[in-house]
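This report refers to the structure that appears directly beneath it.
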Amino acid sequence: MSRLPGTERRRRIYLMRHGEVQYFDAAGRPIDPRHVTLTERGCEQARAAGALLRDIPFDDALISGMARTAHTASLVLDGRTVPVREEPRLKEIRAGRLAEVPPERRDEIITRAYERAPEPDASFIGGESWIDFQRRVLEVWLELVQADGWANLLIVAHDAVNRVILSHVVGASLHGLKAFEQEPACINIIDVDVAGGQVERAFIRAANLTAYNLASHANHHTVMERISAQFRSG
């Protein structure tokens, strides 16, 4: 089995979120999330991540197949001959219609969406079930860590996808989602020790690392607080 140099069975996953996109138009109306693309700032964020990771010898790369993950991966890899594969099960959790959220509860429901994930029958803002979403993401995760052929793997996915994986690694299940902020083009570094197709150990070396703003200077709001504010502005 492929492994990191000097180790017996250790491999490393660089788990990223895509760069910044615009989820609302100039009037504050939601844009179909299946078709949003990186902003110019989002491109700059992805290039900064690529510069930080330029010396990592990636063996493989995985994206969700959505345009924003494909573009981010292409900027991070910057012409390197690394195979990039699509995995639709890593697509972002599907929200319900924001327009159907009661206006008087809109800020609370959006900003605290991750906090409600562990509740029985919880869904993401009236959309996809958290249990179903967690199941499809972790199916991919388990397949990846059991597969051979890579020692350094790049995954470019989404906010909620990454939270599910990170929370799983620390054993917190859906209860841990609220604790893992995922800024645009952030990098998470996860090491796994695998033997006989089973994960013996997994641990996080870095979480939510933003190459373009390492100290999170002037970043005082959560991802979901910013989304709620953009929606309200319309």
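The values are calculated or read from the model by the stated rules, or taken from the named source; none is laboratory data. From a predicted model like this one, the values you see are computed outputs, not experimental measurements. Positions of Cβ are backbone-derived with ideal geometry, glycine not excepted, and every protein chain shown enters the neighbour counts. Side chains included, ligands, DNA and RNA excluded: accessible areas come from the protein's heavy atoms. Shrake-Rupley method; radii C 1.70, N 1.55, O 1.52, S 1.80 Å.
How about the range 152-172: which of its residues are open to solvent by 10 Å² or more (accessible area, probe 1.4 Å) and farther than 18 Å from ARG116 by Cβ?
Correct list: ASN152, HIS168, VAL169, VAL170, GLY171.
Could you list, in sequence order, all residues of the range 173-186 that are open to solvent by less than 30 Å² (accessible area, probe 1.4 Å) and in contact (Cβ under 8 Å) with a residue 24 or more places away in the chain?
Residues satisfying the conditions are LEU174, LEU177, GLN182, GLU183, PRO184, ALA185, CYS186.
Could you tell me which of the residues ILE204, ILE227, ILE189 is outside any strand (DSSP E or B) and either of a type in the set (A, V, I, L, M, F, W, C) or crowded, with 16+ Cβ neighbours inside 10 Å (or both)?
ILE227
Looking only at the range 115-135, filter to residues that are without any contact (Cβ under 8 Å) to a residue 40 or more places away in the chain and acidic (Asp, Glu); which one of those is surrounded by the most Cβ atoms within 10 Å (Cβ to Cβ)?
Restricting to residues being without any contact (Cβ under 8 Å) to a residue 40 or more places away in the chain and acidic (Asp, Glu), the top hit is GLU128.
Of the residues GLU8, GLU20, which single one is open to solvent by 50 Å² or more (accessible area, probe 1.4 Å) and over 19 Å from the mean Cα position of the chain (by Cα)?
GLU8 is the lone residue from the list that is open to solvent by 50 Å² or more (accessible area, probe 1.4 Å) and over 19 Å from the mean Cα position of the chain (by Cα).
Within the range 66-84, can one find any residue that is assigned to a loop (DSSP other than H, G, I, E, B), farther than 22 Å from ILE189 by Cβ, of a type in the set (Ser, Thr, Tyr) and open to solvent by 10 Å² or more (accessible area, probe 1.4 Å)?
Yes, the conditions are met somewhere in the range 66-84.
Return the pairs, sorted by first residue and then second, in which the second residue is open to solvent by 50 Å² or more (accessible area, probe 1.4 Å) and not aliphatic (A, V, I, L, M), the first residue lies in the range 15-40 and is in a strand (DSSP E or B) and modelled with pLDDT of 95 or more, the beta carbons are less than 7 Å apart, and the residues are 6+ apart or on different chains.
VAL21/THR37; LEU38/GLU20; LEU38/HIS71
Please work out which one of (1) in contact with a strand residue (DSSP E or B) (Cβ under 8 Å, 6 or more places away or on another chain); (2) part of a loop (DSSP other than H, G, I, E, B) is the condition ALA46 fails and give its number.
Of (1) in contact with a strand residue (DSSP E or B) (Cβ under 8 Å, 6 or more places away or on another chain); (2) part of a loop (DSSP other than H, G, I, E, B), only one is false for ALA46: (2).
Under the condition of being acidic (Asp, Glu) and assigned to a helix (DSSP H, G or I), which residue from the range 113-161 is farthest from ALA207 (Cα to Cα)?
Checking each candidate, the answer is ASP132.
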